[in-house]
Amino acid sequence: MNEEQRWIRRIQRRSDRAAAGELIAAYYNEMYGFIYKQTLSAELAKDLTQDTFGSMLQTIASYDAGKASFRTWLYRIATNRLVDYYRSRYYRAQKLHEPIDELELPAEEDFTISLAYRDEVERVLEVVNRRAARSQQIFRLRLFADYPFQEIAALLDMPLSTVKTDYYATLRAVRRHFEEEEEENQHGT
(Lines give C-alpha, C1' and ligand atoms only; values in the text may rest on other atoms or scores of the structure.)
Protein backbone atom coordinates (compact mmCIF):
# COMPACT_ATOMS: atom_id res chain seq x y z
CA MET A 1 0.00 0.00 0.00
CA ASN A 2 1.48 3.35 -1.00
CA GLU A 3 1.42 6.53 1.08
CA GLU A 4 -1.55 7.99 -0.80
CA GLN A 5 -3.63 4.89 -0.08
CA ARG A 6 -2.68 5.07 3.61
CA TRP A 7 -3.81 8.71 3.78
CA ILE A 8 -7.11 7.83 2.12
CA ARG A 9 -7.75 4.94 4.52
CA ARG A 10 -6.91 7.11 7.53
CA ILE A 11 -9.35 9.75 6.33
CA GLN A 12 -12.06 7.19 5.57
CA ARG A 13 -11.70 5.34 8.87
CA ARG A 14 -10.81 8.07 11.37
CA SER A 15 -11.39 11.40 9.61
CA ASP A 16 -7.68 12.01 10.17
CA ARG A 17 -6.95 15.73 9.66
CA ALA A 18 -3.21 15.24 9.24
CA ALA A 19 -3.78 12.67 6.48
CA ALA A 20 -6.29 15.01 4.81
CA GLY A 21 -3.72 17.81 4.89
CA GLU A 22 -1.07 15.57 3.32
CA LEU A 23 -3.44 14.39 0.60
CA ILE A 24 -4.53 17.93 -0.23
CA ALA A 25 -0.93 19.17 -0.25
CA ALA A 26 0.02 16.39 -2.67
CA TYR A 27 -2.60 17.46 -5.24
CA TYR A 28 -3.24 21.14 -4.56
CA ASN A 29 -0.94 22.65 -7.20
CA GLU A 30 -2.06 20.21 -9.88
CA MET A 31 -5.76 20.87 -9.26
CA TYR A 32 -5.21 24.62 -8.99
CA GLY A 33 -3.37 24.59 -12.34
CA PHE A 34 -6.12 22.56 -14.00
CA ILE A 35 -8.78 24.96 -12.77
CA TYR A 36 -6.75 28.11 -13.45
CA LYS A 37 -6.27 27.14 -17.11
CA GLN A 38 -10.06 27.23 -17.46
CA THR A 39 -10.89 30.28 -15.39
CA LEU A 40 -7.85 32.51 -15.94
CA SER A 41 -8.54 34.05 -12.54
CA ALA A 42 -6.30 33.34 -9.56
CA GLU A 43 -9.00 34.11 -6.99
CA LEU A 44 -11.66 32.05 -8.72
CA ALA A 45 -9.22 29.18 -9.22
CA LYS A 46 -8.37 29.26 -5.50
CA ASP A 47 -12.07 29.23 -4.59
CA LEU A 48 -12.92 26.38 -6.95
CA THR A 49 -9.85 24.42 -5.85
CA GLN A 50 -10.96 24.81 -2.25
CA ASP A 51 -14.47 23.68 -3.24
CA THR A 52 -12.96 20.68 -5.01
CA PHE A 53 -11.08 19.57 -1.91
CA GLY A 54 -14.11 20.27 0.28
CA SER A 55 -16.20 18.00 -1.94
CA MET A 56 -13.42 15.42 -1.93
CA LEU A 57 -13.39 15.31 1.87
CA GLN A 58 -17.19 15.10 2.04
CA THR A 59 -17.37 12.19 -0.38
CA ILE A 60 -14.10 10.34 0.24
CA ALA A 61 -15.96 7.65 2.18
CA SER A 62 -17.52 6.56 -1.12
CA TYR A 63 -14.24 6.62 -3.05
CA ASP A 64 -13.50 3.18 -4.51
CA ALA A 65 -9.88 2.63 -5.59
CA GLY A 66 -11.03 -0.28 -7.77
CA LYS A 67 -13.03 2.02 -10.03
CA ALA A 68 -10.51 4.80 -10.69
CA SER A 69 -7.27 6.18 -9.39
CA PHE A 70 -7.57 8.83 -6.73
CA ARG A 71 -6.09 11.42 -9.12
CA THR A 72 -8.71 10.58 -11.76
CA TRP A 73 -11.48 10.75 -9.18
CA LEU A 74 -10.21 14.14 -8.01
CA TYR A 75 -10.17 15.47 -11.59
CA ARG A 76 -13.77 14.40 -11.94
CA ILE A 77 -14.72 16.36 -8.83
CA ALA A 78 -12.83 19.42 -10.11
CA THR A 79 -14.51 19.13 -13.50
CA ASN A 80 -17.92 18.93 -11.84
CA ARG A 81 -17.13 22.08 -9.81
CA LEU A 82 -16.17 23.89 -13.03
CA VAL A 83 -19.32 22.75 -14.83
CA ASP A 84 -21.45 23.84 -11.86
CA TYR A 85 -19.72 27.22 -11.74
CA TYR A 86 -20.15 27.96 -15.44
CA ARG A 87 -23.81 26.98 -15.25
CA SER A 88 -24.46 29.15 -12.20
CA ARG A 89 -26.44 32.38 -12.18
CA TYR A 90 -23.49 34.02 -10.44
CA TYR A 91 -21.22 33.34 -13.43
CA ARG A 92 -23.73 34.69 -15.93
CA ALA A 93 -24.26 37.84 -13.85
CA GLN A 94 -20.53 38.27 -13.16
CA LYS A 95 -19.69 38.00 -16.85
CA LEU A 96 -21.90 41.00 -17.56
CA HIS A 97 -20.35 43.17 -14.83
CA GLU A 98 -16.62 42.39 -14.76
CA PRO A 99 -14.79 45.72 -14.59
CA ILE A 100 -11.49 46.03 -16.44
CA ASP A 101 -9.60 46.97 -13.26
CA GLU A 102 -10.32 43.51 -11.80
CA LEU A 103 -8.47 41.72 -14.58
CA GLU A 104 -5.17 40.24 -13.47
CA LEU A 105 -2.37 41.67 -15.57
CA PRO A 106 0.76 39.60 -16.08
CA ALA A 107 4.31 40.85 -16.44
CA GLU A 108 4.75 43.27 -19.35
CA GLU A 109 6.65 40.85 -21.60
CA ASP A 110 3.91 38.22 -21.28
CA PHE A 111 1.06 40.70 -21.57
CA THR A 112 0.24 40.25 -25.27
CA ILE A 113 0.52 36.47 -25.13
CA SER A 114 -1.60 36.32 -21.96
CA LEU A 115 -4.32 38.51 -23.46
CA ALA A 116 -4.42 36.39 -26.62
CA TYR A 117 -4.53 33.19 -24.54
CA ARG A 118 -7.25 34.59 -22.28
CA ASP A 119 -9.32 35.59 -25.29
CA GLU A 120 -8.95 32.20 -26.96
CA VAL A 121 -9.81 30.25 -23.80
CA GLU A 122 -12.85 32.42 -23.16
CA ARG A 123 -14.05 31.93 -26.73
CA VAL A 124 -13.65 28.15 -26.46
CA LEU A 125 -15.34 28.00 -23.06
CA GLU A 126 -18.23 30.13 -24.33
CA VAL A 127 -19.14 27.25 -26.64
CA VAL A 128 -18.23 24.42 -24.26
CA ASN A 129 -20.25 25.89 -21.39
CA ARG A 130 -23.43 25.67 -23.47
CA ARG A 131 -23.07 21.93 -23.99
CA ALA A 132 -24.36 19.13 -21.76
CA ALA A 133 -22.48 18.49 -18.53
CA ARG A 134 -21.09 15.16 -19.80
CA SER A 135 -19.74 16.86 -22.94
CA GLN A 136 -18.13 19.55 -20.81
CA GLN A 137 -16.51 16.93 -18.59
CA ILE A 138 -15.08 15.02 -21.54
CA PHE A 139 -13.76 18.15 -23.23
CA ARG A 140 -12.23 19.62 -20.06
CA LEU A 141 -10.52 16.38 -19.06
CA ARG A 142 -9.09 15.90 -22.55
CA LEU A 143 -8.05 19.48 -23.31
CA PHE A 144 -7.08 20.93 -19.93
CA ALA A 145 -5.94 17.81 -18.04
CA ASP A 146 -4.59 15.96 -21.08
CA TYR A 147 -6.37 12.74 -20.10
CA PRO A 148 -6.35 9.94 -22.69
CA PHE A 149 -9.73 8.93 -24.09
CA GLN A 150 -9.44 5.49 -22.50
CA GLU A 151 -9.14 6.98 -18.99
CA ILE A 152 -11.99 9.41 -19.59
CA ALA A 153 -14.20 6.53 -20.73
CA ALA A 154 -13.33 4.54 -17.61
CA LEU A 155 -13.83 7.53 -15.32
CA LEU A 156 -17.22 8.44 -16.76
CA ASP A 157 -18.24 4.79 -17.24
CA MET A 158 -18.91 5.33 -20.94
CA PRO A 159 -17.91 3.44 -24.07
CA LEU A 160 -14.68 4.71 -25.59
CA SER A 161 -16.41 5.39 -28.92
CA THR A 162 -19.01 7.60 -27.20
CA VAL A 163 -16.30 9.63 -25.45
CA LYS A 164 -14.43 10.18 -28.71
CA THR A 165 -17.60 11.04 -30.62
CA ASP A 166 -18.66 13.54 -27.96
CA TYR A 167 -15.20 15.14 -27.76
CA TYR A 168 -14.93 15.59 -31.52
CA ALA A 169 -18.51 16.90 -31.73
CA THR A 170 -17.61 19.55 -29.13
CA LEU A 171 -14.43 20.36 -31.04
CA ARG A 172 -16.45 20.79 -34.26
CA ALA A 173 -18.89 23.06 -32.42
CA VAL A 174 -16.01 25.23 -31.23
CA ARG A 175 -14.52 25.36 -34.73
CA ARG A 176 -17.92 26.25 -36.24
CA HIS A 177 -18.34 29.02 -33.67
CA PHE A 178 -14.91 30.47 -34.54
CA GLU A 179 -15.71 30.30 -38.28
CA GLU A 180 -19.06 32.05 -37.76
CA GLU A 181 -17.35 34.79 -35.72
CA GLU A 182 -14.78 35.24 -38.45
CA GLU A 183 -17.49 35.50 -41.12
CA GLU A 184 -19.36 38.07 -39.04
CA ASN A 185 -16.19 40.09 -38.61
CA GLN A 186 -15.46 40.00 -42.34
CA HIS A 187 -18.98 41.08 -43.28
CA GLY A 188 -19.22 43.60 -40.46
CA THR A 189 -16.10 45.53 -41.45
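The values are calculated or read from the model by the stated rules, or taken from the named source; none is laboratory data. Keep in mind the model is a prediction, meaning the values are calculated, not measured. Note: ideal-geometry Cβ built from the backbone for every residue, glycine included; neighbour counts use all protein chains shown. Each accessible area value is taken on the protein alone, full model and side chains, heavy atoms only, with ligands, DNA and RNA left out. Shrake-Rupley method; radii C 1.70, N 1.55, O 1.52, S 1.80 Å.
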Next item on the list: Identify the single condition in (1) over 27 Å from R118 (Cβ atoms); (2) in contact (Cβ under 8 Å) with a residue 60 or more places away in the chain that I60 does not satisfy, given that it satisfies every other one.
Entry: (2)
Item checked: Close pairs from the range 158-180: first free of Cβ contacts under 8 Å to residues at least 12 places away in the same chain, partner among the aromatic types (F, W, Y), Cβ under 7 Å, at least 6 apart -> L160/F149
Next item on the list: Inspect all residues belonging to the range 140-159 and state whether any of them is within 22 Å of V121 (Cα to Cα), open to solvent by 80 Å² or more (accessible area, probe 1.4 Å), at pLDDT 90 or above and part of a helix (DSSP H, G or I).
Entry: no
Note to self: Checking the condition in contact (Cβ under 8 Å) with a residue 24 or more places away in the chain, closer than 30 Å to R123 by Cβ and not in a loop (DSSP other than H, G, I, E, B), which residue from Q38, Q12 passes?
What the structure shows: Q38
Checklist line | Scan of the range 40-50 for residues that are of a type in the set (D, E, K, R) and within 16 Å of A26 (Cα to Cα), ordered by number | finding: K46
Next item on the list: Of the conditions (1) under 26 Å from F149 (Cβ atoms); (2) in a helix (DSSP H, G or I); (3) touching a Leu at 6+ places or on another chain (Cβ under 6 Å), W7 clears all except one; give me its number.
Entry: (1)
Margin query: Which residue is nearest to the chain's Cα centre (by Cα), if the candidates are limited to the range 38-80 and must be within 15 Å of Y147 (Cα to Cα) and charged (D, E, K, R)?
Written below: R76
Margin query: Quick check on my filter: what residues within the range 64-85 are open to solvent by 30 Å² or more (accessible area, probe 1.4 Å) and under 14 Å from Q12 (Cα atoms)?
Written below: D64, A65
